[in-house]
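Written out below as structure tokens is the structure these notes cover.
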Amino acid sequence: MQMKWDLTKIYKTKEEWEAEKKLLEKEIEIWSKKLENMFESEITLKETIDLKIKIDTLIEKIYCYPRRFLDLNSEDNEKQSMFEIAKNIYGKILKLTELFYENILKQDQKVEEWVEKNPFYKRYIEIIRTTTLDTQNNEIESRKQIYRSITEQDLHFGTVHNEENEIVPLTRKLFQDLIRCNDEEKRKEALAKYYEAFEKSKNTIALLLNQKYNLEIEEKGKYQTLLEKNINNIGIPKDVILNLIETGNKYIPTLRKVMNLKKEFLKRKELHIYDTSLPVGLISKMEFEIEEAIKLIKKSLNVLGEDYVAKVDKAFTEGWIDAFPMDHKRKMSYSCITFCGVPYASLNYNKSLVSVRTLIHELGHSIHTDYAKENGFIYFEYSLFLAEIVSKVNEILLNEYMLKQEIEDEEKIYLLNNIISSLGNTLFSQTLLSEFEHTMITEIESGKALNAENLKELYKEKFKEYYGETIIVDVDNSYEWTRIPHLMMNQAYYLYQYPIGLSIALEIARRIMLIPSFKEKYISFLKIGNSKNVIQSLEVLDIDLRNKDYLENSYKYFEDKVELLIKIKKNQK
């Protein structure tokens, strides 16, 4: 098995990168001249569009090659220089692309007539009409780099007492261990030091967030609000986010019930914020060597058919996965939706059940990309909205497979506790953050400048609305928003895609497990890429986003898992 990325699938050497960079620069020069007379004839229009597609293919490779190296080692100075060059070239392409899009939109009638004769490009033109360009890409990337530097390189958590009572530096991995340990003082100390480290950067992160949202608001164009613009770009009903917030709020009593049950199961008079990660059974963790995890994943995905499982093997023979943590490696797990090379996924695998779930999640993204690439470059890049659905389907199939195995009650309790925590994090925590972001953006759009203190108060208010008095917050968590990378690293209104995606994924997984032939529909869905819009893609699965039942059903699924845990715990008494 291969546990490291094979980046030679993009370029074998720096010299290859240099040669293709020069080719790209020549093509950009030719394209910029063609833009001046792109409607001179139907042939010229086709040549201009085809050259644009070629340039996009090349810049993806030029950009991704050094970026992937930097993801593995942020201190690689050679690749950093290459990446700066790639960013500058990309900036030039974006400026020309803005002109290209303007030309397409101005000549709407001519474009329609041309598309009738060239139907292959129909969806391509449709995408252009619904896309808002991030023309200030260098500024956006600069903010991302500052945030990465703050949270991944410059952040120091100080020292804590480990489980052996030794004073040691607090790391992210040690934090994950200590927050689940039996010693209350050590849990409290670890959480306090963890939040204190992020709090030190609150003003810088608040400033970066304000800059990010103000820039996006400036570029919202014809749309009244940023919400309207981003929903339109994805192509989904504009009420989806508001429906999520409404449904999430409706089930807040269920969230509070879970917190009270946790207090009961842990036999505590009070549930403190540093207690919420404690397991409710006798088992405090389950560990899986990565080879064992891969076998488990393949068995759980058998319901998707031989071809899908074969792609799991492919991931570990063709260098798709960089599995283990390293110094200076990017901390957040992710999968690249790119056409060049292979569908690279980065993890920091540590044997935990969460790591197994993260692995099957990122494999979901990577295999989706591999299927979508069958469309060719022009239509491979599926919506991020659809991406989160696919990754969650994999997680659900893993959970259901593991629960069906003949295991001891304590193992089942551990699994259920873990599943409930994961579901709760998505259905409630991500919805809380989506509501927090929506309120934040609404206030900025009304002319209010947000700083670290009023963002702190806004988060505290939202947390109180969701959890009420069920948790004693004696370690200040009101700067939680500073450590949420998606708020900074993605466009506004990104986080809602997790609970919406999970809700749709639960419906898909249910059908996969109940109807053997449904897997063919699902594989067809994975192959769509961006050749259809979001609504049309989901219609392949007979799912209608305008029907709110899928949201209700997801929260009911959560309730069912809670009831199952209660039943097993009662049977133990």
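The values are calculated or read from the model by the stated rules, or taken from the named source; none is laboratory data. Please read all numbers here as calculations on a predicted model, not as lab measurements. All Cβ positions, even for glycine, are placed from backbone atoms using ideal geometry, and neighbour counts span all protein chains on display.
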Can you give me the number of residues within the range 1-45 that are among the basic types (Lys, Arg), in contact with a helix residue (DSSP H, G or I) (Cβ under 8 Å, 6 or more places away or on another chain) and closer than 30 Å to residue 114 by Cβ?
1
Looking at the range 333-349, can you tell me whether even one residue there is more than 30 Å from residue 150 (Cβ to Cβ), crowded, with 24+ Cβ neighbours inside 10 Å, out of contact with any strand residue (DSSP E or B) (no Cβ under 8 Å at 6 or more places or on another chain) and aromatic (Phe, Trp, Tyr)?
no
What are the residue pairs meeting all of these: first residue in the range 90-112, first residue in contact (Cβ under 8 Å) with a residue 40 or more places away in the chain and over 14 Å from residue 34 (Cβ atoms), second residue outside any helix (DSSP H, G or I) and among the β-branched types (Val, Ile, Thr), Cβ atoms under 6 Å, and 6 or more apart or on different chains?
94/135
Quick one: residue 316 ticks every box in (1) closer than 28 Å to residue 420 by Cβ; (2) touching a residue at least 12 places away in the same chain (Cβ under 8 Å) except a single one, so which number is it?
(1)
Selected residue (only one of 62, 43, 55 is modelled with pLDDT of 95 or more, under 31 Å from the mean Cα position of the chain (by Cα) and farther than 23 Å from residue 345 by Cβ)
55
Residues that are within 30 Å of residue 321 (Cβ to Cβ), more than 25 Å from the chain's Cα centre (by Cα), at pLDDT 95 or above and surrounded by 17 or more Cβ atoms within 10 Å (Cβ to Cβ): does the range 21-35 have at least one?
yes
Given the structure, is residue 361 touching a strand residue (DSSP E or B) at 6+ places or on another chain (Cβ under 6 Å) and either at negative phi or touching a residue at least 60 places away in the same chain (Cβ under 8 Å) (or both)?
no
Residue pairs meeting the criteria (Cβ under 9 Å; at least 6 apart or on separate chains; first in contact (Cβ under 8 Å) with a residue 12 or more places away in the chain, in the range 278-297; second in a loop (DSSP other than H, G, I, E, B) and of a type in the set (Ser, Thr, Tyr))
278/284; 290/349; 293/349
Regarding the range 552-570, can at least one residue be identified that is of a type in the set (Asp, Glu), farther than 27 Å from residue 245 by Cβ, modelled with pLDDT of 95 or more and assigned to a helix (DSSP H, G or I)?
no
Selection from the range 36-52 of residues part of a helix (DSSP H, G or I) and either in contact (Cβ under 8 Å) with a residue 40 or more places away in the chain or surrounded by 12 or more Cβ atoms within 10 Å (Cβ to Cβ) (or both) yields 42, 44, 45, 46, 47, 48, 49, 50, 51, 52
Going by what's in this entry, would residue 281 be described as surrounded by 14 or more Cβ atoms within 10 Å (Cβ to Cβ), modelled with pLDDT under 95 and not in a helix (DSSP H, G or I)?
yes
Please work out which one of (1) exposed (fewer than 14 other Cβ atoms within 10 Å of the Cβ); (2) touching a residue at least 40 places away in the same chain (Cβ under 8 Å); (3) out of contact with any Pro (no Cβ under 8 Å at 6 or more places or on another chain) is the condition residue 546 fails and give its number.
(3)
Restricting attention to the range 200-227, report how many residues are in a loop (DSSP other than H, G, I, E, B) and within 22 Å of residue 157 (Cα to Cα).
2
Mind listing whichever residues of the range 422-443 are aliphatic (A, V, I, L, M) and under 16 Å from the mean Cα position of the chain (by Cα)?
423, 427, 433
Single unsatisfied condition, residue 456 versus (1) over 16 Å from residue 207 (Cα atoms); (2) at pLDDT 95 or above
(1)
Those helices (runs of 4 or more DSSP H) completely within the range 289-375 that have 3 or more residues that are polar (S, T, N, Q) are 353-372
Among (1) under 30 Å from residue 330 (Cα atoms); (2) in contact (Cβ under 8 Å) with a residue 12 or more places away in the chain; (3) not small (Gly, Ala, Ser), there is one condition residue 13 misses while meeting the rest; what is its number?
(2)
Name the pairs: first residue in the range 322-341 and small (Gly, Ala, Ser), second residue assigned to a loop (DSSP other than H, G, I, E, B), Cβ to Cβ under 6 Å, at least 6 apart or on different chains?
323/3; 323/347; 323/349; 333/347; 341/10
Which of the residues belonging to the range 459-468 are over 15 Å from residue 245 (Cβ atoms) and either at pLDDT below 95 or touching a helix residue (DSSP H, G or I) at 6+ places or on another chain (Cβ under 6 Å) (or both)?
459, 468
More than 20 Å from residue 202 (Cβ to Cβ), within 16 Å of the chain's Cα centre (by Cα) and either crowded, with 17+ Cβ neighbours inside 10 Å or without any contact (Cβ under 8 Å) to a residue 40 or more places away in the chain (or both): which single residue out of 446, 503 fits that description?
503
In the range 418-440, which residue that is out of contact with any helix residue (DSSP H, G or I) (no Cβ under 6 Å at 6 or more places or on another chain) and hydrophobic (A, V, I, L, M, F, W, C) is modelled with the lowest pLDDT?
440
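Listed here are the residues, each with its yes/no results for (1) at pLDDT below 90; (2) surrounded by fewer than 14 Cβ atoms within 10 Å (Cβ to Cβ); (3) more than 20 Å from the chain's Cα centre (by Cα).
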position	(1), (2), (3)
143	yes, no, no
146	yes, no, no
155	yes, no, yes
158	no, yes, yes
161	no, no, yes
164	no, yes, yes
176	yes, no, yes
So, restricting to helices (runs of 4 or more DSSP H) that lie completely within the range 81-197, which ones have at least 3 residues that are closer than 30 Å to residue 62 by Cα?
122-129, 137-148
